[in-house]
Amino acid sequence: SAGQLDFDHENQTLNLIVQKDNSNEMSQTKDVKALSGGERSFTTLALLLALGESLETPFRVMDEFDVFLDPVARKIALDNMV
């Protein structure tokens, strides 16, 4: 998976582009509502982890972030967090 954030400071908007398959640009979507629950959870987690790298907080708390993740995605997410 891959993604892109576009900040538009003038219009005060944030646009998220999610590409579900790295090798297929046709899998890109700008409509987060078109993602499955697990894809949305994984995308949100990836965004929060990426933003967390630039924050100077000693810890972050996330509640039930994995509720829609399948076992494979859950393991990948946990491996990236720990």
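The values are calculated or read from the model by the stated rules, or taken from the named source; none is laboratory data. Every value quoted in this text rests on a predicted model; they were computed, and no experiment measured them. We place every Cβ from the backbone using ideal geometry, glycine too, and count neighbours over all the protein chains shown. Note: areas computed on protein heavy atoms with side chains; ligands, DNA, RNA excluded. Shrake-Rupley method; radii C 1.70, N 1.55, O 1.52, S 1.80 Å.
What's the total number of residues in the range 2-41 that are outside any loop (DSSP other than H, G, I, E, B), closer than 28 Å to Asp63 by Cβ and of a type in the set (S, T, N, Q)?
Qualifying residue count, the range 2-41: 6.
Considering each of Ala73, Ala2, Ala50, Ala77 in turn, give the residue that is on the phi < 0 side of the Ramachandran plot and in contact with a Leu (Cβ under 6 Å, 6 or more places away or on another chain).
The unique qualifying residue is Ala77.
Considering only residues that are among the polar types (S, T, N, Q) and within 12 Å of the chain's Cα centre (by Cα), look in the range 11-61 and name the one that is most open to solvent (accessible area, probe 1.4 Å). If you could, list the steps in order and put the result at the bottom.
Within the range 11-61, the subset among the polar types (S, T, N, Q) is 11-13, 15, 19, 22-24, 27-29, 36, 41, 43-44, 54, 57.
Next cut, within 12 Å of the chain's Cα centre (by Cα) only: 19, 41, 43-44.
Details: Gln19: 22, Ser41: 20, Thr43: 28, Thr44: 75 Å².
Among residues in the range 11-61 that are among the polar types (S, T, N, Q) and within 12 Å of the chain's Cα centre (by Cα), the one most open to solvent (accessible area, probe 1.4 Å) is Thr44.
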